[in-house]
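See structure below.
The values are calculated or read from the model by the stated rules, or taken from the named source; none is laboratory data. On a predicted model such as this, the values are computed, not experimentally measured, just so you know. Glycine gets a Cβ as well: all are built from the backbone with ideal geometry, and neighbour counts include every protein chain shown. When the accessible area is computed, the model is the full protein with side chains, heavy atoms only, and any ligands, DNA or RNA have been set aside. Shrake-Rupley method; radii C 1.70, N 1.55, O 1.52, S 1.80 Å.
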Amino acid sequence: MELYVYSAKRYDRDTLSTANEEFGFHLEFVESRLDATTAELAAPGSAVCAFVNDDVGAATLEVLAARDVQVVALRCAGYNQLDVDAARRLGIRVARVPAYSPNAVAEHTLALILALNRHIPRAYNRVRDGNFSLEGLVGFDLAGKAAGVVGTGRIGSLVARLLWHLRCDVVAHDLYPDARLESLGVRYAPLDEVMSTTDIVSLNCPLTPETHHLVDAARIATMKPGCMLVNTGRGGLIDTAAVVDGLKSGRIGSLALDVYEEEAELFFEDRSHEVLLDDVFARLLSFPNVLITAHQAFLTTEALGAIAVTTLQNVADLAAGRPTPNEVL
Ligand code: NAI
């Protein structure tokens, strides 16, 4: 069976090709993002593999269905880029990789918190430039600080544990509290309390209609002045323009992002030779207290290997009509 892999980067080629030795699919790597236009590239009757910023909306699915594509494998955990109803209506089965390495994302979240708090990128650049001044590099002890975690699923529970091991007072919010975290000493509280009482807030819930712009102007107004906000979940969890205002007023003391609302137009490509047209993103880059990585929290050898194996297993299962717990229903 032919499998068209969209948004394919070198690391995708490497890991999927290695994993495919066990499966024997004919892999076609497409550098373009999947959308209603590029969907035409998929050969009739093939399967399609898509990534986080591919457009798997109704228009794309219509084109795929017309080409008799019946299987779509998302090589990511989140599926907010997918129109689930349209896929169901068109009879296209879709699977995802619910868990590949929650450690990868949790550890990156912690890396952002530590690097932002202790100004590591600025310090690194200064020292390379022969500037050994410490002005402006004051951080704070994490030990004893109140840390909020919104969403304590696979990733958030690890973030909570890591922060707990750093001796933070961890307060979490989730629709389903995790008893193992509670036995560790993590306290669950309503969202309002988590957002208004903690020194660090990490967003680790999925993007849903309920969580869209969970951090907006009204919420920011209630946050503890100088709070650090960290988002490795999905860009749409925060209203970025409101967060820019929060940074300007000082209500938000610092910001770390691995995801951005409009990242589909920016991330995963070298745009260093282009004029940056996104004014909100450009404004974010201008703050000394903002640290942004371009959706790389998942990018470890272990995670890529696990993603590749599960993705190909999903294709094999769906193509054979077998049930899989990874199917998006
Ligand atoms: P998960 O499904 O294991 O956990 C999500 C948790 O959020 C669940 O416990 C759920 O009850 C909770 N939740 C759902 N709605 C909520 C709400 N309204 N308020 C509070 N909690 C809520 O998912 P996992 O694996 O922990 O991933 C979380 C998110 O992280 C994914 O949805 C994805 O968007 C993002 N992610 C980011 C990556 C990156 O590279 N930056 C990589 C992988 C995932």
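Structure above, values below:
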{"quantity": "The stretch 21-80 shape via C-alpha gyration tensor axes, a/c threshold 1.5", "calculated": "oblate"}
{"quantity": "Virtual spin-label span in nm between E40 and D141, 7 Å along Cα→Cβ", "calculated": "6.4 nm"}
{"quantity": "Carbon plus sulfur fraction of accessible area for the chain, probe 1.4 Å, in percent", "calculated": "53 percent"}
{"quantity": "Kirkwood Rh (inverse of mean 1/r, distinct Cα pairs), the stretch 116-219, angstrom", "calculated": "15.2 Å"}
{"quantity": "Antiparallel DSSP beta bridges within the chain, percent to nearest 5", "calculated": "5 percent"}
{"quantity": "Förster radius 41 Å - calculated FRET efficiency between D245 and N103 (Cβ-Cβ, nearest 0.05)", "calculated": "0.75"}
{"quantity": "Length-normalised contact order for the chain - Cα pairs under 8 Å, 6+ apart - percent", "calculated": "18 percent"}
{"quantity": "For the stretch 43-134, the spread of Cα positions along each principal axis, largest first, Å", "calculated": "62, 24, 19"}
{"quantity": "Surface accessible to a 1.4 Å probe, per residue, for the residues of the stretch 102-292, Å²", "calculated": "49 Å²"}
{"quantity": "For the stretch 9-35 and the stretch 203-255, distance of Cα centres in Å", "calculated": "35 Å"}
{"quantity": "Quotient of C-alpha Rg and 2.2 N^0.38 Å, computed over the chain", "calculated": "1.05"}
{"quantity": "Estimated FRET transfer efficiency when R0 is 51 angstrom, pair A264-R167 (beta carbons, to 0.05)", "calculated": "0.85"}
{"quantity": "Full-extension gain in nm, L134 to R180, via 0.36 nm per residue minus C-alpha separation", "calculated": "12.5 nm"}
{"quantity": "Bins of 10 Å, starting at 0 and running to the largest distance - Cα pair percent for the stretch 102-292", "calculated": "9, 37, 37, 15, 3, 0"}
{"quantity": "Globularity index of the stretch 198-319, i.e. its alpha-carbon radius of gyration over 2.2 N^0.38 Å", "calculated": "1.22"}
